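Read the figures in this text as sums done on the coordinates, not as results from a lab. Keep in mind the model is a prediction, meaning the values are calculated, not measured. Because the Cβ atoms are built from the backbone with ideal geometry, glycine has one as well, and the counts that use them run over all protein chains shown.
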Amino acid sequence: MTTPREPSTLRAELLRRKPIRPPSSGSGPDELRRTIGTFQLAAFGIGATVGTGIFFVLSSAVPDAGPAVVLSFVLAGVAAGLSALCYAEMASAVPVSGSTYSYAYATLGEVVAMGVAACLLLEYGVSAAAVAVGWSGYLNEALVNITGIELPQAILAAPWDDDPGVVNLPAVVLVGLCMVLLIRGASESARLNAIMVAIKLAVLAMFVVIAFTAFDADNFADFAPFGTAGVATAAGVIFFSFIGLDAVSTAGDEVRDPQRTMPRALLIALAVVITFYVLVAVSAVGTQPWQDFEGQSEAGLSQILNNVTGSTVWGTVLAVGAVISIFSVTLVVLYGQTRILFAMGRDGMLPPVFSRVSPRTRTPVQNTVIVCAVVALLAAFVPLDHLVDLVSIGTLTAFIVVSVGVIVLRRREPDLPRGFTVPGYPVVPVLSVLVCGYILISLHWITWLVFAAWVALFLLLYALYGRRHSALARENA
C-alpha cells in the first residue's frame, strides 16, 4: 500500500522552479545552433505581426468600433508596448527558447508554466491556422486579377464557413511549404523571412500613400458609434495581430548574444509594428464609410485600392504582396510553436520526440512535422471567424504572466544579470497587467469557455505525464 503524498510535498512539486542558467553555446549535438542576429530577429517579430492582422482584421474590427477602431489599434499597441518592455527584461534575464513558458517556469513554478504553455500553444497553433486561412483569400484575389482564373469555392473554405466549401487547400499547401523551410534550418528561414518582411512593408507603404489620396474626413464623423465598449471589443480582436512580439522570445536558443540581441529586436519590432498599423488603419477608414467594412472579403485592403483607383492594378500588387508576406507570418508563428514544444520536451513536460534535434540540420524535425500536420488540419476545416478571439485570449494571458514574472524575479533575484531593465518599474509591469486585463474582460464568454476547457485539458496532461517525467523531478530524485 502506497503512503499518501503529503500536501506540502505535492505543493512543492507543483511550484518547483527551473534554475536560471547561462545561455548554452549552441555547439552540442542536442542543442540548436546560434545563427540569428538582431536584424533577423527583429524581422521575425515584424514578420509574425505586420500582416497577421492588418491585411484582413479590419473587416472584423471596424464593425465593432466604427472609425474609433484607430483608438482600438492604439489601445492594443499600448498594451503590447508595455508588455514588450517586460518581455525585453525577461528575455535578457532568462535567454532560452520557450518564451513565456520558460519565463513562468523560472519565476512562478511548474504548474503555472504548464498553464501558460496551454495559452501559448493555443495562441500559436490557432494563429498559424488563421493566417493560412486569410492567405487563401489573397491568393485567390491575385489569381483572378492576374489570370482571370478563380479557384473553386470547394477548395477555398472550410465546411462550416459562412460560404462553405470542402477543404481550404491553399492553406494546407502554405503550411506544407513552411514545414519544408523550417526543417532545412533556422538561418535559411530567417533570411527568407527578412526578404518577405521588406516586401510586406513596401506593399503597406504603397497602400497608405494611395489610400490617403482618397482620404475623406467625413468618414470619421460618427467616430465612436458603439462607445468605449466597442473600442475595447475591437482592441481584443486586434490584439490577435500582436503575437509577433511573443514570437521573438521563442528563439532564445538560436540567437547570438541573446541577452543583448533579444531586447533590442523586441523594441525595434514594436516600433515598426505600431507605426504601420496606425497608418494603415487611419488611411483605410478615411477612404470609405465604416459600415462598408462589414462583410468585406478577407482581401479587404485590395478591394479598397481597387475602389480608390478605379483599377485592379494596385489592388493586384497589394494582393500579390500579401500572398508573399503573409507567408512570413505563418513561417515565424510555426517556428515559434516548434521552439516552445522543444523547450517543453527538453524539460520533460512532453515526450522526448519534441526535443530531438536532427544531427544534419540541427532542427527539431519530428516536432516540426507534428506541429505542421495539426495546424494544416485546423486551417483546412475551421473558418477564420471562429479562431481570432482564441488567439487574443492566449496572447493577453501570456503578456500578463510575463509582466508578473518581471516583478517576481526583481524581488527574488535582484542581482541577476539583465541586459535590459524595464523603465519606470514597477509602474510599467503593473500597467501592463491592468491594460491587458481590461481587454481580456471584453472578450465573449464563449471564448472564455473554450479557453478554460483547453487549459483544463492541458493541466490534466501535466497531472498524467509532465509531473512524473519532469527533468527537475529526475534531478531531485
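Among F342, F207, F226, the order by Cβ neighbours within 10 angstrom, fewest to most, reads F226, F342, F207. Could you state the angle between the C-alpha long axis of helix 258-285 and the longest principal axis of the C-alpha atoms of the chain, as a value from 0 to 90 degrees rounded to the nearest 10? Orientation of helix 258-285: about 20 degrees from the principal axis. Our summary gives the range 327-404 a relative contact order of 18 percent, counting only alpha carbon pairs under 8 angstrom and 6 or more residues apart.
Taken along the Cα-to-beta-carbon direction at a fixed 7 Å, the label points for D257 and A202 span 3.0 nm. The C-alpha atoms of the chain define a longest principal axis, and helix 38-49 lies at about 60 degrees to it. Between W448 and F226, the FRET efficiency estimated from the beta carbon spacing at R0 = 25 angstrom works out to 0.75.
Taking all Cα pairs closer than 8 Å and separated by 6 or more residues, the relative contact order of the range 41-471 comes to 36 percent.
The alpha carbons of the range 312-382 give a radius of gyration and a Dmax of 16.1, 53 Å, in that order. The fraction of Cα-Cα pairs per 10 angstrom bin, counted from 0 for the range 128-281, comes to 8, 25, 34, 26, 7, 0 percent, rounded to whole percents. With N the number of residues in the range 96-163, Rg(Cα) / (2.2 N^0.38 Å) evaluates to 1.74. The protection proxy used here, the mean number of other Cβ atoms lying within 10 Å of each residue, ranks peptides 197-206, 331-340 as follows, highest first: 331-340, 197-206. The Stokes-Einstein estimate for the range 331-446, based on a Kirkwood radius over Cα pairs and taken at 10 °C with 1.306 mPa s viscosity, is a diffusion coefficient of 92 µm²/s. Within the range 41-471, the proportion of Cα pairs with more than 27 Å between them is 48 percent. Set against the 2.2 N^0.38 Å expectation for a compact globular protein, the range 388-477 has a Cα radius of gyration ratio of 1.38.
A full extension of the chain between I195 and L10 corresponds to an added length of 61.6 nm, given 0.36 nm per residue minus the alpha carbon distance.
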